[in-house]
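The values are calculated or read from the model by the stated rules, or taken from the named source; none is laboratory data. Because the structure is predicted, anything quoted here is derived from the model rather than measured. Here the Cβ positions follow ideal geometry from the backbone for every residue, glycine too, while neighbour counts run over all protein chains shown. All accessible areas refer to the heavy atoms of the entire protein, side chains included, with ligands and DNA or RNA removed. Shrake-Rupley method; radii C 1.70, N 1.55, O 1.52, S 1.80 Å.
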Amino acid sequence: MFRRDLIETSLEARSNAAATLNLIANVNKLGVAHEDTAKAIDFFTRGLKQTPQAARESVRSLTNIAHSLDLNVATVFKEFGTTLGDIAQYGADQLTVFADLQAQYRATGVEVDTLSKIAAKLDTFKGAAEVAQKFNAVLGGTVLSVTDLVHAEPAEKINELRKAFARSGTTFEDSGRRIKSMAAEFLGIDVAAATKLFGSEEDFFTIRKQMDTSAEDTETLRTRLEETLDVGE
């Protein structure tokens, strides 16, 4: 998009380059590093084959996800880049999948990258079967379904895990230290993260209703940007 030999081919190419650079600079005023925005745009245009205009709208969708969930914009952009390896498989739906993980972060306090890795671990029948069998053995009964785990979207997989203790008739908080330790080990996280994951009483679905994955309109974004400027700027 920014190569000189392409920019010089047409007015449209020059306009797209200018508009995209302008957006990168403006989003930087919200605290987002230039390289994080550029990485997102690179994926949208090369990976998803979006037009430059559509890629800019996708960037504004990321700002809207952050603002609608009251999250730090810079952190959301950085986490989008770090989770691409896991969520790129969802193609055009990946922004919704990513937003759902952000809602789970709001509900549990567990970092999005950690949630994404847990979900990826459960995305094969082998991985889901191993985790489900271990939880079922430790908690007693069928508290986790292999089929439900493997077919669920990432955020829904986290919901299934959180329901496991409720289905067993106990809570993570009331469980002995050995069960807590084993539950954390099954998911590849530490006990502190497991305590937040299973102990939070925040409702994912309530938080999810606040979420907006549409492209933030330019006037709203302009207002947010102006609020960050000092008198000199």
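Structure data summary
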| read-out | value |
| --- | --- |
| Cβ crowding within 10 Å averaged over residues, with 57-64, 69-76 ranked highest first | 57-64, 69-76 |
| Reachable lysines from LYS180, criterion Cα separation under 20 angstrom, eight or more residues apart if same chain | LYS117, LYS121, LYS134, LYS157, LYS163, LYS196 |
| Degrees between helix 177-187 axis and first principal axis of the chain (Cα, 0 to 90, nearest 10) | 40 |
| Solvent-accessible area per residue, Å², over region 119-181 with all protein chains present [probe radius 1.4 Å] | 52 |
| Taking region 19-116 and dividing mean pair separation by its residue count, relative contact order in percent (alpha carbons under 8 Å, at least six apart) | 24 |
| 222 nm mean residue ellipticity, helices alone, for the chain (DSSP H n ≥ 4; -39,500 (n - 2.57); rounded to 500) | -21000 deg cm²/dmol |
| Gain on full stretching of the segment that runs from GLN53 to VAL231 - 0.36 nm per residue minus C-alpha separation | 61.0 nm |
| Relative contact order (%) - criterion: Cα under 8 Å, at least six apart; region: region 66-160 | 24 |
| Relative packing of 155-161, 28-34, 89-95, 129-135, which averages over residues the other C-beta atoms within 10 Å, highest first | 155-161, 129-135, 28-34, 89-95 |
| Relative contact order [Cα under 8 Å, 6+ residues apart], the chain, whole percent | 23 |
| Computed FRET value (nearest 0.05) for GLN133 with THR206, which takes r as the C-beta separation and R₀ as 35 Å | 0.65 |
| Carbon plus sulfur fraction of accessible area for the chain, probe 1.4 Å, in percent | 49 |
| Dimensions in Å of region 173-228 - Rg and Dmax from alpha carbons | 19.2, 54 |
| On Cα atoms only, tilt of 218-228 relative to the major axis of the chain in degrees | 90 |
| Point-charge dipole on Cβ atoms (K/R +1, D/E -1) for the chain, about Cα centre, debye to 20 | 660 |
